[in-house]
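Before any comments, here is the structure.
The values are calculated or read from the model by the stated rules, or taken from the named source; none is laboratory data. Model, not experiment: these values are computed from the prediction. Please note: Cβ atoms are built from the backbone with ideal geometry, for glycine as well, and neighbour counts cover all protein chains shown. Surface accessibility is based on the protein's heavy atoms, side chains included, excluding ligands, DNA and RNA. Shrake-Rupley method; radii C 1.70, N 1.55, O 1.52, S 1.80 Å.
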Amino acid sequence: MAENSVIKVNGVTRVFQVPGGEFAALKGIDAEVPKGSFTILKGRSGSGKTTLMNIIGSLDNPTDGEVFINGTPIKGMSEYERENLRRTQMGFVFQSVSLIPSLNAFQNVEFSMRMAGIKPSKERDKRVEECLKLVGLGNRMNHMPAEMSGGEQQRVAIARSFAHGPKLILADEPTAELDSQMAARVTEIFKEMTRKEGITILMTTHDVGLMGAADSIIELEHGERIN
């Protein structure tokens, strides 16, 4: 595995049991994602994008093959080790924003730092403010999710995903519910994060208008890699 690779996927297959037999969602996928890059995982609905993301994020297990995160194999990790990996080294952004409705923007971002075990301090508060300013919400920190647009909520979710200083962010269709202008803005934010924070970002999308922003593209079709 190359030293500058955060993700290494080696021969990953995922087979699901379905009525009448088996369905191969992934068929021997090989892939590598360089450190500090913005990589897009491209493919139509049903191509296997989300299945692969779940396996990389240690939320699911491959039927065969192996995944390495920063050179460490996920296979063989205990559930506690997997949870610790997700909590401290990864950030997640989903199509469904899933902010905590009873917390304002500042508190939602701060919550991810608590989950990562970062103790309360002035530095933590400063970090929350810094993250919200980076996504253009420095003047909306005290607003509740219900008082924010869908695009603003998604930007809070992005700030939440990297506030605790993860090495990797996995973003599964984070722009699917946004208009083209806001989708482009979210993509710009991801690019800025790779530059300013040195975070590696893997994002799934089928929006061809966003492809030009990626440092590299991995394309899936019917569970197979085609580029």
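For (1) touching a helix residue (DSSP H, G or I) at 6+ places or on another chain (Cβ under 6 Å); (2) of a type in the set (S, T, N, Q); (3) assigned to a helix (DSSP H, G or I), each residue gets a yes or a no:
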{"site": "N10", "(1), (2), (3)": "no, yes, no"}
{"site": "A25", "(1), (2), (3)": "yes, no, no"}
{"site": "F68", "(1), (2), (3)": "no, no, no"}
{"site": "M77", "(1), (2), (3)": "no, no, no"}
{"site": "E81", "(1), (2), (3)": "no, no, yes"}
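When region 108-119 is examined, which residues are found to be touching a Lys or Arg at 6+ places or on another chain (Cβ under 8 Å) and not in a helix (DSSP H, G or I)?
So the first thing to find is which residues in region 108-119 are touching a Lys or Arg at 6+ places or on another chain (Cβ under 8 Å), and the list is 108-113, 115-118.
A116, G117, I118 - these are the residues of region 108-119 that are touching a Lys or Arg at 6+ places or on another chain (Cβ under 8 Å) and not in a helix (DSSP H, G or I).
Residues checked against (1) crowded, with 23+ Cβ neighbours inside 10 Å; (2) touching a residue at least 12 places away in the same chain (Cβ under 8 Å); (3) under 30 Å from E83 (Cβ atoms); (4) of a type outside the set (A, V, I, L, M):
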residue	(1), (2), (3), (4)
G150	no, yes, yes, yes
S161	yes, yes, yes, yes
K167	no, yes, yes, yes
P174	yes, yes, yes, yes
A184	no, yes, no, no
K196	no, yes, yes, yes
L210	no, yes, no, no
L220	yes, yes, yes, no
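Go through region 36-49 residue by residue and tally those that are surrounded by 20 or more Cβ atoms within 10 Å (Cβ to Cβ), under 15 Å from the mean Cα position of the chain (by Cα) and not in a strand (DSSP E or B). Lay out the reasoning, then the answer.
Here is the first cut: in region 36-49, the residues surrounded by 20 or more Cβ atoms within 10 Å (Cβ to Cβ) are 38-43, 47-49.
Add one more test, that the residue is under 15 Å from the mean Cα position of the chain (by Cα), and what stays is 38-42, 49.
Those still in the list that are not in a strand (DSSP E or B) too: 49.
Counting residues in region 36-49 that are surrounded by 20 or more Cβ atoms within 10 Å (Cβ to Cβ), under 15 Å from the mean Cα position of the chain (by Cα) and not in a strand (DSSP E or B) gives 1.
Quick test of your reading of the structure: Q89 fulfils all but one of (1) under 25 Å from N10 (Cα atoms); (2) open to solvent by 60 Å² or more (accessible area, probe 1.4 Å); (3) in contact with a strand residue (DSSP E or B) (Cβ under 8 Å, 6 or more places away or on another chain); (4) polar (S, T, N, Q). Name the failing condition by number.
The one condition Q89 does not meet is (2).
State whether the residues of region 17-35 include one that is at pLDDT 95 or above, surrounded by fewer than 21 Cβ atoms within 10 Å (Cβ to Cβ) and among the polar types (S, T, N, Q).
So far as region 17-35 goes, no, none of its residues is at pLDDT 95 or above, surrounded by fewer than 21 Cβ atoms within 10 Å (Cβ to Cβ) and among the polar types (S, T, N, Q).
Tell me which residues, restricted to region 92-110, are modelled with pLDDT under 90 and surrounded by 15 or more Cβ atoms within 10 Å (Cβ to Cβ).
Filtering region 92-110 down to residues modelled with pLDDT under 90 leaves 94-98.
Answer for region 92-110, where residues must be modelled with pLDDT under 90 and surrounded by 15 or more Cβ atoms within 10 Å (Cβ to Cβ): F94, Q95, V97.
Find the strands (runs of 3 or more DSSP E) located wholly in region 152-223 whose residues include 2 or more that are modelled with pLDDT of 90 or more and within 14 Å of the chain's Cα centre (by Cα), and list them.
On the way: elements: 168-172, 200-205, 216-221.
Here the list reads 168-172, 200-205.
Can you name every residue in region 114-142 that is surrounded by 15 or more Cβ atoms within 10 Å (Cβ to Cβ) and farther than 23 Å from T187 by Cα?
A116, I118, R124 - these are the residues of region 114-142 that are surrounded by 15 or more Cβ atoms within 10 Å (Cβ to Cβ) and farther than 23 Å from T187 by Cα.
Given the criterion crowded, with 18+ Cβ neighbours inside 10 Å, within 15 Å of T39 (Cβ to Cβ) and in contact with a strand residue (DSSP E or B) (Cβ under 6 Å, 6 or more places away or on another chain), identify the matching residue among A157, A214.
Numbers: A157 fails: within 15 Å of T39 (Cβ to Cβ).
Testing whether each residue is crowded, with 18+ Cβ neighbours inside 10 Å, within 15 Å of T39 (Cβ to Cβ) and in contact with a strand residue (DSSP E or B) (Cβ under 6 Å, 6 or more places away or on another chain) leaves just A214.
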